[in-house]
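One structure is given here, and the rest of the page talks about it.
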Amino acid sequence: MILMETEGVEPPDAILPQASRRQRHPKPRYGLKDAVRWLLRPFELAPRKGDAAEPRVVYLRPAQLPDTSRYRARRRVRRLRLRRRLIAILWGKRIGYTLAITVSLGLLIFWAKLAVVYNVPNYLQVGTLSQARAYLVMKSWWFGPTSFNLAAYQVTNPLNPLQSLATQLSRYQDVVTNPQEILYVFIKRTL
């Protein structure tokens, strides 16, 4: 409705603007919280029987609990036992997953950068490798073979057996020619 103003003349009451219907009849706004409360209404507890003015005892001592109470000792022990079992299962799963991931990463790292060299011949048993049965070595390459049996390689040059072994190992010759990369030496046991 459009109001027209005229100079010096006030409009009659009949054409004064009225409040909107929403303002005249306010209704409560409904939100997500109200919808959830409406959906959960069937699960509400029934109202308590008895006088509402009577004070409700919230905290009771075990001696004050009735004999038919659901908070009796046996049920509590069962609940606590079940809780302990569930916590133990949870920790067992966490520890198991952690161990599995750790072992997997360890194997991946071993495959990537470490190798075991065994059956070490006598001409290589010098210095740190004296009386060595096998040794763990850091590889200079990634993801190659993880074990080397030096007894499988024949000596073609008896004057320089180390050079002969390095030639046969070709690109993997660092496992015998680079002793600075040795991480651990397995010693022969003598009785």
For labels at Tyr184 and Ile95 in the simple 7 Å Cα→Cβ model, what's the distance in nm? 2.3 nm
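Quick check: at a probe of 1.4 Å, how many percent of the accessible area of region 121-179 sits on carbon and sulfur atoms?
Exposed carbon and sulfur together represent 53 percent of the surface.
Going by a ≥ b ≥ c, the root eigenvalues of the Cα gyration tensor, does region 113-180 fall in the rounded group (a/c under 1.5), the prolate group (a/b larger than b/c) or the oblate group?
Oblate.
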Taking the solvent-accessible surface of protein heavy atoms with a 1.4 Å probe, what is the per residue accessible area of region 122-191 in Å²? 68 Å²
Rounded to the nearest 5, what is the percent of antiparallel bridges among the DSSP beta bridges in region 84-191? 75 percent
What FRET efficiency do you get for Arg75 and Arg41 if R0 is 25 Å and r is their Cβ-Cβ distance, rounded to the nearest 0.05? 0.30
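The values are calculated or read from the model by the stated rules, or taken from the named source; none is laboratory data. It should be emphasised that the depicted structure is a prediction, and the values quoted were computed from it without experimental measurement. Note that each Cβ is placed from the backbone with ideal geometry, even for glycine, and that neighbours are counted across all protein chains shown. Areas reflect the complete protein model, heavy atoms only, side chains present, ligands, DNA and RNA absent. Shrake-Rupley method; radii C 1.70, N 1.55, O 1.52, S 1.80 Å.
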